[in-house]
Structure formats: structure tokens, C-alpha cells
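Peer 1: Got a structure here, written out as C-alpha cells. Questions coming.
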Amino acid sequence: MPKQIKIDEKDRLILSILYEDARLRNKQIASKLNLSQVTVARRINKMRKLQVIKKIVPILDYQKLGRPFTYFILLDSKGLSKNLEKYLENSYGVISLYLLEDDKMLLKAVFEDKSALSNFIDKLKKSFECQVVGLYEVKSSVLEERSIFQSFSELRVETQFDDQSKITLSNNKLKLTMDLSRGGIISALAPANGSPNLVFSELGLLFDTFLETQFWLDELQITRPYYDMKRDEDWVELSFRKSIRAIPVLEGLEINKSVHLEKNSNKIKVKYILTNNGESQKKLTFWICNYLNSSLFPELVIPAGNELRKIKVLNDSSRGFFVISSKEPDELVEKYWRGEWKLFMHPEKLTDKVGYFSRFLKLVFMVQFNPSQIWVVKRFWGEKYVSLELVFNPVLLSSKESVSYEFVVSLSSENSLVKALEKSFSSSNSRTIIPKLISF
């Protein structure tokens with residue numbers, strides 16, 4: 001048995017990408033994996049020398065080359081001459097040949113028609129006195145030969161060629177892009193095979209009060225975040241760390257954020273840890289905004305147990321605030337949100353998820369959270385976008401103290417919720433639908 005050659009995770013990732021497209025240049029592979037071009041070249045050359053990469057060849061479509069009939073042929077090779085092996089190796093129709101135990105030989109061959117197969121079998125019997133043990137026609141291909149590192153190719157991490165500040169995570173269901181120049185926010189989220197801008201989620205706005213006259217995240221002049229990547233065969237995670245310098249009331253605040261994507265999942269897990277590295281105590285309210293295209297996501301829905309609540313979306317920014325917490329709104333919220341702005345508030349049952357539904361795209365964008373951490377969910381409708389916003393409980397952070405927040409964002413087009421929503425929204429008598437639809 002040949003000696004096993006040890007390769008590490010970076011080698012496996014390189015092999016996975018080469019198996020998908022061996023024409024890629026070292027520069028392109030390096031950009032996809034966040035490695036240097038020199039590192040990729042050195043590793044590929046090493047694997048070639050060690051014969052891990054034996055050769056790079058095209059994969060042919062034999063049907064298009066006029067050989068639509070594929071067969072596996074099992075031969076009894078006992079006592080067979082070297083001349084037969086040489087003949088089979090040089091035969092145009094034979095594309096693979098294996099010696100098996102019990103003096104058997106298995107070959108895979110392609111033919112123009114059935115008569116060509118018959119001529120081939122007759123040649124084996126008459127010229128080489130070879131016994132055909134089994135003959136199996138291939139009806140269809142279920143799985144072609146593939147890389148053993150398939151799971152790595154299903155979970156990809158890429159940096160955009162034209163903008164090294166953007167990093168994309170993707171699996172077979174989701175594709176999301178994080179923008180380093182804007183603090184590591186998720187700037188795009190879409191189905192893996194869909195338009196990249198169906199949903200654009202800005203995950204990460206920070207305020208020190210509830211007043212919306214405060215500064216937006218991309219105006220905070222935060223430092224360009226340090227980032228790190230961790231991965232396994234079944235998941236990949238990007239972590240960001242950044243600190244705020246420009247706003248005196250927030251100076252010294254450090255934000256650690258991680259975005260976690262699993263294989264075959266339509267959900268991303270987002271976690272924030274806020275740490276007060278300043279000398280003075282800070283009162284913080286964390287505010288997460290998810291912006292969506294208003295023409296594609298006009299319906300706001302709140303699944304709660306077996307019920308499905310619907311809030312009608314109006315083209316009016318003065319409506320759509322609602323409270324899901326059992327806490328009483330404080331004086332600031334009472335004054336600005338309900339008093340002066342006459343905002344809609346709904347303090348009914350607690351729920352742990354809220355989202356938008358697009359009948360046009362047959363998609364649900366959903367945010368799931370821990371209701372004990374949430375005070376308010378805010379909905380805003382604008383001319384070009386809608387926002388789904390989570391306002392977390394206010395906290396007082398002393399020096400060196402931390403607080404963490406976790407939630408899940410999902411984009412689904414195939415689960416039962418999509419079908420139930422579509423049926424409910426199109427039904428004239430929604431109360432007969434399970435889950436039940438309630439309109440405010």
C-alpha cells in the first residue's frame with residue numbers, strides 16, 4: 001500500500017476548487033480562499049511533486065462525441081495475456097480499466113451503437129479467448145466522479161476580485177456578502193442561484209438612545225475591522241472585531257460580530273458581543289436593521305405559535321412600530337413614538353420571530369431572536385425599501401463589561417411556511433387557514 005501523504009485544510013480547499021474548474025489561475029484561487037498567490041502556487045507545486053495531483057485533464061461528454069452507449073463489462077481475467085491488457089489500454093472505446101480480486105477485470109467503454117458493442121465483444125472472445133462474465137448498460141448518470149472534498153466546495157469563502165474589502169460566504173442555498181469598508185455589515189443576502197440583490201441586509205446599527213436622529217453606522221468612522229475565519233466540513237464562520245473612535249459617548253466601545261453559515265442551511269447565525277473598553281459607564285441600546293426591496297417584500301408577518309399575524313404595510317413611515325415585549329415603554333418611547341408621531345404599537349403576545357413575505361418571489365425573509373432580549377420590533381416603509389428592525393433591551397455597561405446578542409436570519413423558498421403564507425394571503429376567508437391569519 002502506498003504511503004499516505006498528509007495534506008491540511010488549505011490544501012483540501014485548493015483541491016476542491018481545482019476539481020470544479022482547473023482552468024482558474026493561482027491569483028483567482030488565492031482570492032477565493034483569502035490566501036496569497038505565492039502560497040497557492042507553492043502548495044499546488046508541492047502536491048504535483050508528491051503526485052497528489054497526477055494530471056489535469058478535460059472531462060468529456062461522450063454522447064456529444066457520437067458515443068451515446070456506455071457499458072460496464074466484467075471479464076474473467078484468469079490466464080489472460082498481457083496482449084489483452086495492451087489491446088484494452090489502446091482501444092478507443094475503453095475509458096477506464098480495473099483489475100479486481102478473484103481474477104476479474106472491469107472496464108468501462110463507450111460505443112456509437114449496439115453493433116459496435118457486439119463487434120467489440122466478438123473481438124475479445126475470438127482473438128483473446130476472453131470470457132465475458134457480466135455486461136451492464138448505463139441508463140443514466142446519478143453521480144459522476146467527484147472530489148472527496150465535496151463539502152468544502154459546498155461552503156465557499158471568496159473575496160471579490162474588484163474589491164478586496166468584500167467577502168462572500170455561500171453554500172447550496174444562500175449567498176451573503178460582508179463589506180469590510182462598512183464595518184463588516186452584511187451588504188447582500190440572496191438565494192444561491194438567484195439575483196444577488198433580492199435582499200440587502202445591513203446588519204448592525206448602534207445607538208446610545210432611542211432617538212433616530214443619532215448617527216448611522218457608516219457615519220461612525222469606525223475602524224476597519226479585523227476579521228478571522230474558522231471552518232469545519234459542515235460550517236464556516238467569519239468573525240469581525242472593530243472599535244468606535246469618533247463619537248465621544250461611544251468611544252472605547254468594541255464590537256465583536258460573527259456570522260455562521262452551515263452546509264445545506266438557509267439560515268445564518270449572527271452574534272454580537274459589545275464590550276466597554278472605556279473608563280466611564282455607558283448606556284447602550286443595540287439596534288439591528290435589515291433593509292429589503294419594498295417592491296419585492298410588501299407583506300409583514302409574525303408567526304406566533306400556530307397563528308400567523310399580518311400587519312398591513314402602508315406607504316407611510318408614521319405607522320408600523322409595534323412592541324413585542326411585556327415591558328412598559330419608557331418616557332422617551334412614549335413621547336416620541338406614540339405621542340408626537342402617533343405610531344402604531346401592539347403589545348400583545350410575545351413572539352420569537354418576525355419577517356417579510358414576497359408572493360412575487362415566493363420567498364420569506366425571517367429574523368428569529370430571543371424574546372427576553374428584545375424590547376421593540378420596528379417596521380419602516382419607504383419608497384424604495386422596507387426595514388425590519390430589532391431594538392434590544394437597554395443596558396448599562398461599566399468599564400470592561402460585555403453584553404452579547406444572538407439572532408438568526410433566514411431566507412426560505414421551499415418550506416411549509418412559504419406555502420402556508422401564499423395560501424393564506426390569497427384566501428378570501430383567512431381565518432379558516434391553518435396557521436390562522438389575523439389582520440390588524
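Peer 1: Can you pull out every residue in segment 254-273 that is more than 21 Å from Leu388 (Cβ to Cβ), in contact (Cβ under 8 Å) with a residue 60 or more places away in the chain and not β-branched (Val, Ile, Thr)?
Peer 2: Glu262, Lys263, Asn264
Peer 1: Is it the case that Leu99 is touching a Leu at 6+ places or on another chain (Cβ under 6 Å) and within 26 Å of Ser141 (Cα to Cα)? Break it down into steps so the answer makes sense when it comes.
Peer 2: Details: touching a Leu at 6+ places or on another chain (Cβ under 6 Å): no; within 26 Å of Ser141 (Cα to Cα): yes.
No.
Peer 1: Check Ser412, Ser402 and return the single one that is of a type in the set (Gly, Ala, Ser), in the same structural domain as Val259 (by TED's automatic domain parsing), modelled with pLDDT of 80 or more and surrounded by 19 or more Cβ atoms within 10 Å (Cβ to Cβ). Reasoning before the result, please.
Peer 2: Numbers: Ser402 fails: surrounded by 19 or more Cβ atoms within 10 Å (Cβ to Cβ).
Sole residue among the options that is of a type in the set (Gly, Ala, Ser), in the same structural domain as Val259 (by TED's automatic domain parsing), modelled with pLDDT of 80 or more and surrounded by 19 or more Cβ atoms within 10 Å (Cβ to Cβ): Ser412.
Quick grid of which residues meet (1) at pLDDT 85 or above; (2) in a strand (DSSP E or B):
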residue: Phe240; (1), (2): yes, yes
residue: Ser258; (1), (2): yes, yes
residue: Lys269; (1), (2): yes, yes
residue: Tyr272; (1), (2): yes, yes
residue: Gly278; (1), (2): yes, no
residue: Phe286; (1), (2): no, yes
residue: Leu296; (1), (2): no, no
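Peer 1: Restricting to segment 57-102, name every residue that is of a type in the set (Val, Ile, Thr) and buried (at least 16 other Cβ atoms within 10 Å of the Cβ). First the steps, then the outcome.
Peer 2: To start, the set of residues in segment 57-102 that are of a type in the set (Val, Ile, Thr) comprises 57, 59, 70, 73, 94-95.
Passing the criteria: Thr70, Ile73, Val94.
Peer 1: If I go through segment 79-128 residue by residue, how many of them are farther than 24 Å from Leu60 by Cα, under 44 Å from the mean Cα position of the chain (by Cα) and of a type outside the set (A, V, I, L, M)?
Peer 2: 1
Peer 1: Can you find, within segment 242-253, the residue that is nearest to Phe152 (Cα to Cα) among those that are outside any strand (DSSP E or B) and in contact (Cβ under 8 Å) with a residue 40 or more places away in the chain? Break it down stepwise before answering.
Peer 2: The initial filter retains those residues of segment 242-253 that are outside any strand (DSSP E or B), namely 244-252.
Checking which are in contact (Cβ under 8 Å) with a residue 40 or more places away in the chain leaves us with 249-250.
Numbers: Val249: 44, Leu250: 40 Å.
Going through the qualifying residues, I end up with Leu250.
Peer 1: Another one. Being under 14 Å from Lys123 (Cβ atoms) and among the β-branched types (Val, Ile, Thr) is the filter here, so list the residues in segment 58-107 that pass it.
Peer 2: Across segment 58-107, the qualifying residues are Ile73, Val94.
Peer 1: I need every pair where a residue in segment 70-85 that is within 26 Å of Lys114 (Cβ to Cβ) and at pLDDT 90 or above has its Cβ under 8 Å from the Cβ of a residue that is aromatic (Phe, Trp, Tyr) and not in a strand (DSSP E or B), sequence separation at least 6 or different chains.
Peer 2: These pairs meet every condition: Thr70/Tyr62.
Peer 1: Another question, if that's okay. Return the only residue of Val132, Val138 being of a type in the set (A, V, I, L, M), surrounded by 12 or more Cβ atoms within 10 Å (Cβ to Cβ) and in contact with a Leu (Cβ under 9 Å, 6 or more places away or on another chain).
Peer 2: Working: Val138 fails: in contact with a Leu (Cβ under 9 Å, 6 or more places away or on another chain).
So the residue among Val132, Val138 that is of a type in the set (A, V, I, L, M), surrounded by 12 or more Cβ atoms within 10 Å (Cβ to Cβ) and in contact with a Leu (Cβ under 9 Å, 6 or more places away or on another chain) is Val132.
Peer 1: State all residues of segment 25-42 that are modelled with pLDDT under 90 and among the hydrophobic types (A, V, I, L, M, F, W, C); if no residue qualifies, say none.
Peer 2: Initial filter on segment 25-42 (modelled with pLDDT under 90): 27-36.
Correct list: Ile29, Ala30, Leu33, Leu35.
Peer 1: Give segment 230-253 a look and list any residue that's of a type in the set (A, V, I, L, M, F, W, C) and within 24 Å of the chain's Cα centre (by Cα), or say none. Quick ask: steps written out before the conclusion?
Peer 2: Step one: filter segment 230-253 for residues of a type in the set (A, V, I, L, M, F, W, C), giving 235-236, 238, 240, 244, 246-247, 249-250, 253.
Across segment 230-253, the qualifying residues are Trp235, Val236, Leu238, Phe240.
Peer 1: Provide a single number: the residues in segment 16-30 that are under 23 Å from the mean Cα position of the chain (by Cα), within 11 Å of Ile44 (Cβ to Cβ) and free of Cβ contacts under 8 Å to residues at least 40 places away in the same chain.
Peer 2: Kept after step one, since they are under 23 Å from the mean Cα position of the chain (by Cα), are these residues of segment 16-30: 16-21, 24, 28-30.
If we keep only those that are within 11 Å of Ile44 (Cβ to Cβ) as well, we get 17-18, 24, 29-30.
From what is left, the residues that are free of Cβ contacts under 8 Å to residues at least 40 places away in the same chain are 18, 24, 29-30.
Final tally of qualifying residues: 4.
Peer 1: Would you confirm whether or not segment 46-60 contains a residue that is touching a strand residue (DSSP E or B) at 6+ places or on another chain (Cβ under 9 Å) and without any contact (Cβ under 8 Å) to a residue 12 or more places away in the chain?
Peer 2: Keep residues of segment 46-60 that are touching a strand residue (DSSP E or B) at 6+ places or on another chain (Cβ under 9 Å), which gives 60.
Right, trim to without any contact (Cβ under 8 Å) to a residue 12 or more places away in the chain and you get 60.
Yes, segment 46-60 contains a residue that is touching a strand residue (DSSP E or B) at 6+ places or on another chain (Cβ under 9 Å) and without any contact (Cβ under 8 Å) to a residue 12 or more places away in the chain.
Peer 1: Now, a different point. Residues that are touching a helix residue (DSSP H, G or I) at 6+ places or on another chain (Cβ under 9 Å) and over 30 Å from Asp228 (Cα atoms): find the helices (runs of 4 or more DSSP H) completely inside segment 1-108 holding 1 or more of those.
Peer 2: Numbers: elements: 9-20, 26-33, 37-49, 82-90.
Those helices (runs of 4 or more DSSP H) span 82-90.
The values are calculated or read from the model by the stated rules, or taken from the named source; none is laboratory data. Predicted model only: the values in this text are computed from it and were never measured. Methodologically, a virtual Cβ is constructed for each residue, glycine included, from the backbone with ideal geometry; neighbour enumeration extends over all protein chains shown.
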